[in-house]
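So the structure is just underneath, and the comments pick up after that.
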Amino acid sequence: ETHLLELPIPSEDIAFGLMSDFEADTHPNKVSLIAGTYRDENGKPWILPSVKMAKEQLRDENHEYLGIAGSPTFINLAKELIFGPVASGSQDNIGSIQTVSGTSANHIAATFLADRLRPNRVFIPSPTWINHKSIWESTGVTVAEYPYYSSSTKEVDMAGIMDSLDQAEPNDIVVLQACAHNPTGVDLSTSQWRQVADLCHRRMLFVVFDSAYQGFATGDVDGDAWAVRHFTEKVLAFENHPGLCVAQSFSKNFGLYGERVGALHLVLPRNVSALGARGELMAIVRREYSNPPRFGASIVQKVLGDCGLRVQWEDDLSTMSLRIKIMRCELRRGLEKETQQDWSHVETQIGMFSYTGLTKEQVSRLRDEFHIYLLPSGRISVCGLNEGNIQYVVHAISEVTK
Ligand code: PMP
């Protein structure tokens, strides 16, 4: 008789599996374009100067538990960062808690909404961050995918988005990425965002914004929050609106990947208090991990709360986003020169990732023949490029696309 817990070994997570293959590769020219973590011009992890300064000031910080909802100072600063002036005067309509970065913000939102809003379906973009699907499937809500990206035009599939969401029913959920869409690097324009916001309101759909790249995408924290703020204004302006959530991550824009800093904000229409719902979010936290981690939130609140550090942080965001833009430009120019083909999409996409359009076979050849690692979808992390490896990568891509 077999033991119920003797289970088949599941296949490895694609991205983490590739990363261990990369580590094991001994080729001197190997290049990793896999992970969504920033690398500086020498290919090394970068501690933001603003974060470094804040850490020095936190040397004597104690190690007590935070409360279930996290640090109140952090929560207020996080809320101000994402909503800007839109949130002022709507204290009771927005319920916020600190979370274990973006992942648990997504998961807590899904757990809560599945139970309370009882949607028929959740609509996630195709493609999207791999965890959206697993997180929502774990709640038992039926997961539907809406076409987000057209590989022929290499742009947003606006007609596909609108047609799919038009099939949704009231209180169904729509997951939207706030900016710098992972994995495509392609975002909606402001006029497209307006159309989607109108459709969601008309059909009474509840939006879950996933905001993992605010400020990191373009260097402009307000510009990167435009869509979230536009949708939020709509929710707060009406009485008949299901509301929205924002799952906010500080991993990329503070370079605090391992510290797990994030927040979840629930926005309800102007006649509905969010205090009860916030209490339920806290009950979920209590049973899942009791309270969120302290140190990363202390760093973020120190930086956002201090004028000098805040200005330094905005400078750090420019450093990261500019380096990425320069690499995009050099990749495009190099590829166009060597292949005589159009690679403009590599430059116009924004954020950490580029959907190159490389096929699975080309991706395999890059790995086997050139020791260059990227996801089978053709997604590269632009942060993995630098002056030391870009010529090599350009040459390899032109060889496999010949
Ligand atoms: N959402 C998106 C779209 C992401 O790309 C990521 C990170 N890759 C996350 C959420 C979550 O990251 P974290 O848990 O580190 O905040």
(message) Angle check, please: helix 360-370 long axis (alpha carbons) against the longest principal axis of the chain (alpha carbons), in degrees 0 to 90, nearest 10.
(response) 60 degrees
(message) Based on alpha-carbon centroids, what's the gap between the range 326-402 and the range 290-318 in Å, whole number please?
(response) 33 Å
(request) With runs of 4+ DSSP H residues as the only contributors, calculate the mean residue ellipticity of the chain at 222 nm using -39,500 (n - 2.57) per run, divided by the residue total and rounded to the nearest 500. (result) -13500 deg cm²/dmol
(request) Return the single residue from N29, N386, N171 with maximal mean-square fluctuation; model: Gaussian network over the chain, springs between Cα atoms under 10 Å. (result) N29
(message) Taking a ≥ b ≥ c as the square roots of the Cα gyration tensor eigenvalues, with a/c under 1.5 meaning rounded and otherwise prolate when a/b beats b/c, else oblate, which class fits the range 143-234?
(response) oblate
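Among S321, S134, S126, which comes first, second and so on when ranked by fewest other beta-carbon atoms within 10 Å?
Details: S321 24, S134 10, S126 15.
Fewest-to-most Cβ neighbours within 10 Å comes out as S134, S126, S321.
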(request) Starting from the Cα of K234, draw a straight line to each of the aspartates and glutamates and keep only those under 14 Å, dropping any in the same chain fewer than 8 residues away. (result) D198
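So, with +1 on the Cβ of K and R and -1 on the Cβ of D and E, and no other charges, what is the size of the charge dipole of the chain about its Cα centre, to the nearest 20 debye? Provide the component values of the computation, followed by the final result.
On the way: 37 positive and 49 negative charges, 111 e Å.
About 540 debye.
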(request) Output ³J(HN,Hα) for the range 20-25: one whole-Hz value per residue in order, computed from phi by the Karplus curve 6.51 cos²θ - 1.76 cosθ + 1.60 with θ = phi - 60°, and x for Gly and Pro. (result) 6, 4, 4, 4, 6, 6
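So for the chain: antiparallel DSSP bridges make up what percent, rounded to the nearest 5?
On the way: 18 of 38 bridges.
Expressed as a percentage, antiparallel bridges in the chain total about 45.
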(request) Given the options A212, A24, A15, state which has the largest fluctuation in a GNM of the chain using a 10 Å cut-off (strictly under) for Cα springs. (result) A24
(request) Using a/c under 1.5 as the rounded threshold, could you call the range 102-143 rounded, prolate or oblate? The axes a ≥ b ≥ c are square roots of the C-alpha gyration tensor eigenvalues, and prolate needs a/b larger than b/c, oblate otherwise. (result) oblate
(message) If I build a Gaussian network model for the chain, linking alpha-carbon pairs within less than 10 angstrom, which residue out of R59, R118, R294 has the largest mean-square fluctuation?
(response) R59
(request) Report, ordered by chain and residue number, the lysines lying within cross-link reach of K44, taken as a straight Cα distance under 29 Å and ignoring same-chain residues fewer than 8 apart. (result) K30, K52, K55, K252, K302, K325, K337, K360
(request) Once you have a ≥ b ≥ c as the square roots of the Cα gyration tensor eigenvalues for the range 24-117, tell me rounded if a/c is under 1.5, and otherwise prolate or oblate according to whether a/b is larger than b/c. (result) prolate
(request) Calculate, for I130 and E288, the FRET efficiency according to 1/(1 + (r/R0)^6) with r their C-beta to C-beta distance and R0 22 Å; round to the nearest 0.05. (result) 0.55
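FYI, it's all coordinate maths here, none of it is from the lab. This structure is a prediction, so every number in the text was calculated from the model and none was measured. Quick reminder, even Gly has a Cβ in these numbers, built from the backbone with ideal geometry, and neighbours come from all protein chains shown.
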